[in-house]
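Report on the following structure.
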Amino acid sequence: MSETPVDPDQVRHVASLARVSLDEEEVTEFTEQFADILGYFETLDEVPEVEREPELTNVMRPDEGRAGLSQEEALQNAPDTEDGHFKGPRVS
Amino acid sequence: MDYNAYVTEERIEGAEEGRLAGRTVAVKDNISTAGVRTTCGSAMLADYVPPYDATVVERLKEAGATIPGKTNMDEFGMGTTTETSAFGPVENPAAEGYVPGGSSGGSAAVVAAGDADMALGSDTGGSVRCPAAFCGVVGIKPTYGLVSRYGLIAYANSLEQIGPIAPTVEEAAELLEVIAGPDERDATTRDASEALGDGEATAITGDVTDEDGGYDFVSAADGDVDGMEIGVPTELLDGADDAVVEQFWAAIDDLEAAGASYHEVTLPSLEHAVEAYYVIATSEASSNLARFDGVRYGVSGGYDGDWNEAFARAREEGFGPEVKRRVLLGTFALSAGYQDKYYKKAQDARAWVKQDFDEALGAADVLASPTMPVPPLERGESLDDPLQMYLADANTTPVNLANLPAISVPAGETGDDRPVGLQFVGPAFGERAVIRAGSALG
């Protein structure tokens, strides 16, 4: 298996991109495991370039209104609401 | 005995009449049920109650089925053992002390234990076939686009299908008939009547269309494999456990005795299927699971700091280790500087796997392999070594990459009574071919 150096700062960076807080123990564990797993992913280098057939085509349909969730249904699972809105954390 | 197979035991009654009237069909807990909580095996969704039914649930109810409850699963479908659930691991009723396989472990366990007549699972990289194999029951992963995913909480959309689990091939085929068919709410489904009724595979066996049209799967479960040609990809036997390989060849002998013949075939692309699968699946997961921010549903991250901090706290609290691991791996694979190296190469590998399968299925009605290269693992065995767990998916993930149909049927046991499963893979919409092959062993 080829060397894939992964350091704790990389794991912290990716975790911040993914918006997942990690404690130090998780950072250590993931650093070790990711080196293993990404090292294994390296074997993808051996895959030849393959001509991919474009087998997908766009399918259109008319844009018609139909019944959706009521406001009450849409809000029923929210941890917090205010005046019929979702309540979220501040933006900055 | 309590196998911890249900997350929620709450009965949902279907119509009074219908082909499934009087029968129970347990539903995996990532498939939405209106008014009954749907957790995905995650603390994130422990209190989530969907306001609508998945299309497959609507179809079960219309067919008269009773849903006895929602089955336990690896968190968000991410696992091969049903040990990553926030609601605790599931026991294997067919092999005590061993895992039931995953991620639809609860669904396979309730069927194996006889607590439900049938069940629905979902299969992203083997999650129906693996637990079916480990629990000694039948599971089908349909062709991509045969069954609606509307209301299935997404893990990796381009790979997954909902599929049936049942004690026999015929019952699995029957349940597939109920849930299959196009759905305007899932644009990746299509009317497959023609493709199903007139597939190349059935043409080779000389049994072409059926008068009932393409969606008739039950009549294919006739055990008639006389003249069937079976391809055996050697790559899927190479790394397999001896006891599993022994049962595999014994089953092929039985099929030969029934008039089928087999030949070995090499599919070099399969060596790269597991890594391609994990790159693609985790990449899609990192995008799909971005919706869990604790605002519209799920665990709230509170209001301290800005939204990035609050979301990161919600996800720290709501997600278990395997989900964090896969979201981070996917984010890594898609991040600047790594996308070409991982994601693009994985898409090349996926196209290669498809080509290899197409070629092999040009010279065979179905391909056969052990469903899992190993017998059921001991509980706890793979939790500390995620890569080891990923490698156990070597035989199932290629099928998802190629969007093909496959069935897992019981094929004996190892010397210490652990169930072994055999997998048949067919061409796209060749459900009848894999059902027919499977029924010859059932």
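Checked against a 26 Å cut-off, the cross-linked pairs B:Lys70/B:Lys141; B:Lys28/B:Lys324; B:Lys324/B:Lys344; B:Lys61/B:Lys141; A:Lys87/B:Lys61; B:Lys70/B:Lys344 give Cα-Cα distances beyond that limit for A:Lys87/B:Lys61; B:Lys70/B:Lys344.
For A:Asp83, B:Asp186, B:Asp385, the sequence from fewest to most other C-beta atoms within 10 Å is A:Asp83, B:Asp385, B:Asp186. Rounded to the nearest whole Hz, the Karplus-based 3J(HN,Hα) values (6.51 cos²θ - 1.76 cosθ + 1.60, θ = phi - 60°) of region A:41-47 follow the sequence 4, 4, 5, 4, 4, 6, 6, with x at glycine and proline. Between the helical axis of A:8-17 and the longest alpha-carbon principal axis of chain A there is an angle of about 20 degrees.
Eigenvalues of the alpha-carbon gyration tensor of chain B, scaled by 5 and square-rooted, set the equivalent ellipsoid semi-axes at 32, 25, 21 angstrom, largest first. In a reduced charge model with +1 at each Lys and Arg Cβ and -1 at each Asp and Glu Cβ, chain A shows a dipole moment near 680 debye about its Cα centre. Straight-line cross-link reach from B:Lys345 at under 17 Å between alpha-carbon atoms covers these lysines, not counting any fewer than eight positions away in the same chain: B:Lys354. Computed on chain B, with alpha-carbon pairs under 8 angstrom and 6+ residues apart, the relative contact order is 19 percent. Applying D = kT/(6 pi eta Rh) to region B:307-442, where Rh is the Kirkwood radius over alpha-carbon pairs, T corresponds to 37 °C and eta to 0.692 mPa s, the Stokes-Einstein value obtained is 184 µm²/s.
According to the square roots a ≥ b ≥ c of the eigenvalues of the Cα gyration tensor, what is the shape class of chain A, taking rounded for a/c under 1.5, prolate for a/b larger than b/c otherwise, and oblate for the remainder? Taking the square roots of the gyration eigenvalues as a ≥ b ≥ c, chain A is oblate.
Only Lys, Arg, Asp and Glu carry charge here, each on its Cβ (+1 for the first two, -1 for the last two); on that basis the protein assembly as shown has a dipole of about 1520 debye about its Cα centre. Taking the charge dipole of chain B about its Cα centre, with +1 at Lys and Arg Cβ atoms and -1 at Asp and Glu Cβ atoms, the residue from B:Gly126, B:Pro233, B:Val299 reaching farthest to the positive side is B:Val299.
For B:Lys28, B:Lys70, B:Lys344, the sequence from fewest to most other C-beta atoms within 10 Å is B:Lys344, B:Lys70, B:Lys28. Each of the peptides B:58-65, B:126-133 was scored by the mean count of other Cβ atoms within 10 Å over its residues; in descending order, highest first, they stand as B:126-133, B:58-65. Membrane-span-like helices in chain B, defined purely by DSSP H runs whose alpha carbon atoms cover 18 Å or more axially and whose average Kyte-Doolittle hydropathy reaches 0.0, are B:242-257, B:273-288, B:321-334.
Selection among B:Gln247, B:Gly145, B:Ala221 by position relative to the dipole of the protein assembly as shown gives B:Gly145 as farthest towards the positive end (Cβ unit charges, Cα centre). Ranked by how many other Cβ atoms sit within 10 Å of their own Cβ, fewest first, the residues A:Val11, B:Val420, B:Val111, B:Val245 fall in the order B:Val245, A:Val11, B:Val420, B:Val111.
Taking θ as phi - 60° and the Karplus parameters 6.51, -1.76 and 1.60, the scalar couplings of region A:79-92 work out to x, 8, 9, 8, 6, x, 10, 5, 10, x, x, 6, 6, 8 Hz in sequence order, x denoting glycine and proline.
For the protein assembly as shown, the mean projected area of the C-alpha convex hull, equal to one quarter of the hull surface, is 24.3 nm². Between the alpha-carbon centres of region B:1-75 and region A:1-72 there is a gap of 29 Å.
For the peptides A:74-80, B:89-95, residues were scored by their other Cβ atoms within 10 Å and the scores averaged per peptide; the highest-first order is B:89-95, A:74-80. Residues within the reach of a label modelled at B:Ala258 (point 7 angstrom out along Cα to beta-carbon, backbone nitrogen below 19 Å), restricted to region B:412-442, are B:412-413, B:420-427, B:430-442.
Since every read-out is calculated from the coordinates, none of them should be taken as a lab result. Since we're looking at a predicted model, the values are computed, not measured. Reconstructed Cβ throughout: ideal geometry from the backbone, glycine too, with neighbour counts over all protein chains shown.
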